[in-house]
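Below is one structure, written out as structure tokens; the observations come after it.
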Amino acid sequence: MSNSRPLSVLLPPPKHAINASAQHKSGLKELVGLLSEAGNPRETLYSVESFQENSVTLESFLPLRHKYPDLKIPQISQSDIQNTYERTKAVFDKILSQKLQPQGTGAVGTANKGSAKTIEYKLPDQNSEVRKLKIVDQQVDPLQPKLFKTKKVVAPSTDEPFAPVLHKSDDITPQSTKEERDKWNIPSAISSWKNPNGYTINLDRRIASDGRYSKESLGPHEISEGHMKLSEALDAAERKAREEVSLRADAKRMLAEQDVREKEEKLRMIALKAREDRKKNTEPYSGPRALDSATRQRQEDQRERLNKIRRELQRSKMSTAERLRALATGEGREVSEKVILGAAAASDTADIQYDSRLFTKAAKARGQSGGDQVYDNPLFVQEGINTMYRPNFSAAVDIQARDAADTLESKVQFELASGKRGREGPVEFSAAENTEKSEEGESSVKRHRGG
Amino acid sequence: MSIDRIHGPEHAREVYLKHLWEKRFKNLAQVSPDLQKKIEDRKNVLERYEEFRSASSAPSEPSTGALVHYEKPLPDTAQTASLVRKVYREDDSFNLLMERQSRQLALEPSWHAPWKLMRVINGHNGWVRCVCVDPVDNEWFATGSNDTTIKVWDLASGKLKLTLAGHVMTVRSIAISQRHPLMFSASEDKLVKCWDLEKNTVVRDYHGHFSGVHTVDVHPTLDLIASAGRDAVVRLWDIRTRVPVMTLAGHKGPINQVKCFPVDPQIMSGSADSTVRLWDIRAGKAMKILTHHSKSVRAIAGNPSESSVATASTSDIRSWRLQDGQLLTNFRSEDTGIINCLSVNPDGVLFAGGDDGHLSFYDYKTGHKFQDLPTIKVPGSLESERGILSASFDQTGLRLITGESDKSIKVWKQIPGATQETHPNLPWNPRLESQRF
């Protein structure tokens with residue numbers, strides 16, 4: 001029996017067999033449609049009914065009541081309602097029973113309880129008695145939970161009836177007309193008279209290129225001759241003014257130069273004269289040898305005066321300290337260098353002004369890289385610098401007081417250890433016999449300090 | 001034909017089909033009538049016209065040799081009509097725009113009495129987002145508002161009967177069951193609440209929506225409610241056990257309204273992705289998608305006197321046959337603007353409440369807008385507070401209750417004693433553009 005069947009029955013069905021046949025069918029339909037469009041209506045005899053069952057026809061747009069104005073649509077009959085009710089109720093009862101069944105409880109095994117099956121059989125070789133075999137379902141605890149709790153989530157089916165869109169789509173997005181678009185057009189903010197390189201187009205050229213102003217109707221937009229003249233005149237006046245200003249500046253500069261030159265000349269003359277005078281003075285008098293005492297006296301006076309003038313001149317060139325020193329020596333007083341320097345020092349400024357940029361730079365140098373630098377300069381530079389390196393007097397006083405107390409205490413201890421009272425006045429040196437004791441005391445002090 | 005001239009399987013199939021044709025049909029003397037009919041059906045208009053031309057001009061005189069041909073005068077209208085009828089068959093002639101237009105003009109929409117304001121009810125502190133009339137006794141109606149409360153009013157007197165507080169955000173939709181003493185309310189706080197109308201308390205909450213719930217409806221025969229909202233899925237809940245029995249996914253935008261029907265499609269949902277889906281809830285997927293609307297579908301209303309449904313998006317109301325989703329009518333609503341709510345009464349009047357505060361009334365069969373009136377403003381309300389947010393006819397169809405954005409509820413009725421002579425409807429002049437695609 002099994003040998004008579006073809007071998008292919010045992011094979012699994014070919015993959016995509018259903019799809020392949022469906023494709024074939026649809027291809028045929030398309031072909032039929034194609035042929036009918038080609039113009040030979042007789043070739044469309046095949047499957048005329050099945051063709052175009054899904055495509056959009058004019059019929060689907062034409063209302064039935066327009067075609068058949070007296071179309072009667074009867075109310076739904078009670079039998080239909082009842083029929084639908086029963087069929088639907090069965091479906092929903094089933095769904096509901098599934099949904100209401102608590103998750104995890106198994107199927108109750110009582111359904112096949114009574115259906116025990118008996119098989120009678122006889123072994124072929126022996127002539128023995130007929131054997132009976134009773135097949136009974138295994139008892140299942142009806143309350144036993146399901147062995148497999150996995151619940152398969154089934155995605156909802158996506159196969160839908162083909163629904164061609166039967167309304168106009170252009171009324172959803174109405175096309176705008178050109179006027180509307182022009183109305184909404186926002187011109188770009190880029191000047192058409194200037195390019196990014198900074199070249200500009202002349203006014204008259206702009207006017208010429210603008211379509212709104214034709215040659216006939218230039219009217220008020222025309223640039224009149226007067227405007228041109230005015231702008232030219234303004235240009236000329238500006239140029240003239242600039243020339244005058246530069247001329248005046250030149251003249252002033254030349255005057256100043258002349259002044260300076262004259263002064264220099266004068267100074268040169270003075271210097272020359274002075275040099276000649278000096279030469280005249282230094283060279284031996286070759287005049288009358290015999291000089292009377294009065295003349296000699298006069299010459300002496302003159303020399304003295306000259307020396308005095310020279311000294312004055314020198315003194316005027318001296319610094320304040322040197323002048324003071326000179327004054328002191330001139331007056332024959334003994335003035336200490338310190339006093340002179342103190343007197344010569346410039347008056348103290350109460351608040352020293354620092355260039356804050358110095359500190360900023362320092363702060364910047366201290367800071368990390370540019371990314372961490374939030375502020376470009378520190379907030380409390382000026383205030384900080386005034387108090388930063390000044391000693392805090394109250395703190396200093398505290399420290400001093402503590403030190404003093406310490407030392408006093410240690411001194412007392414030391415004195416207690418050395419058996420000596422406090423001393424008054426300068427240190428008295430004594431004989432060498434006390435040396436050991438004092439050393440002892442010192443070591444005790446050291447011990448105390450260490451402990 | 002040699003093998004090397006066959007390019008690919010497509011070409012091969014074409015060759016095969018031609019071969020088949022040669023073998024089977026070429027030498028047939030007469031084609032069987034059903035085949036002939038199919039062939040005729042497949043012919044397009046131009047081919048038919050060519051045939052007509054050749055058939056009519058076959059016995060014409062041979063050429064006279066004249067330089068200028070004398071053109072025959074065009075046949076008169078009767079002949080033209082016969083030609084049209086011959087070239088265009090019955091169905092095809094309906095495909096012609098002018099033919100459709102002339103047929104439209106020939107229609108005579110039935111006259112309906114115009115509507116007028118009857119009563120203004122104030123009481124809510126926010127927009128009145130939903131109205132639902134008691135389906136059993138037609139004695140009361142419930143409204144849900146932006147002030148998070150649900151109020152129950154007496155239909156006859158307009159007196160407040162009850163205020164139900166429980167939601168923490170806007171109540172977007174109310175549904176009252178015909179078979180249970182239960183009322184369901186959907187809110188933007190992601191909850192659907194079930195109210196017991198005998199104890200006037202919340203008895204159940206339906207948790208599970210990921211975002212605000214916009215709409216809820218009770219299934220007319222099954223113990224199910226359908227709710228949908230901003231998370232673009234329709235959820236079906238078992239009323240008693242509060243189990244979300246089914247989730248219908250597929251919409252690509254927030255869902256504005258969901259409706260339940262006793263037969264397939266049992267659920268219909270309109271979404272902001274401008275589609276309406278008809279759901280097959282036994283299979284759990286959409287059985288048809290209506291893509292005719294081009295804007296968000298905000299409202300769906302079933303017709304109580306026939307099995308059809310009306311849907312509305314901005315300036316576009318259409319009605320559909322329920323069983324197969326076939327387009328029935330394009331309503332004359334090209335200039336209505338945004339439509340927030342729809343309601344149909346048993347007399348064949350469709351009401352559409354506009355977001356700009358206009359009430360428009362349509363003849364359901366023909367789609368004729370027979371009345372268009374602006375809402376009456378409540379004194380002290382702002383100009384911007386004109387908008388019909390929700391509307392419902394009562395069970396008799398004689399009263400229309402609208403919930404508006406000026407926080408008021410308005411009750412409208414037909415003008416008593418109105419006749420076609422005293423109160424003529426708006427004229428019926430269907431425009432060509434109303435045959436929109």
Residue of B:V15, B:V243, B:V218 that the Gaussian network model of chain B assigns the largest fluctuation, springs spanning Cα pairs under 10 Å: B:V15
Two-site label geometry, A:A155 and A:K89: point separation in nm, points 7 Å out along Cα→Cβ: 3.7 nm
Tilt relative to chain B, helix B:45-57 - C-alpha long axis, 0 to 90 degrees, to 10: 40 degrees
Average other protein chain Cβ within 10 Å of Cβ, residues A:84-97: 5
Least to most buried among B:D238, A:D355 (fewest other Cβ within 10 Å first): A:D355, B:D238
For chain B: relative contact order, % (alpha-carbon pairs under 8 angstrom, 6 or more apart): 12 percent
Against the rule of thumb 2.2 N^0.38 Å, how large the Cα Rg of segment A:299-338 comes out: 1.39
About the Cα centre, charge dipole magnitude for segment B:340-412 (Lys/Arg +1, Asp/Glu -1 at Cβ), debye: 140 debye
Which of A:I399, B:I376 has the fewest Cβ neighbours within 10 Å, and the rest in rising order: A:I399, B:I376
Cα-based convex hull volume of segment B:297-389 per residue, rounded to whole Å³: 85 Å³
Alpha carbon convex hull of chain B, projected area averaged over orientations, nm²: 33.4 nm²
B:M169 versus A:A116: modelled label distance in nm, points set 7 Å from Cα along the beta carbon direction: 6.3 nm
Peptide B:285-293 - average C-beta neighbours from other chains (10 Å radius): 4
Spin-label pair B:K161/B:K116, simplified geometry with 7 Å Cα→Cβ offset, distance in nm: 2.9 nm
Proxy reagent accessibility, fewest Cβ within 10 Å first, across A:W184, B:W21: A:W184, B:W21
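A short reminder: the numbers here are calculations on the coordinates, not readings from a lab. Computed from a predicted structure; not experimentally measured. All Cβ positions, glycine included, derive from the backbone under ideal geometry; neighbour counts span all protein chains shown.
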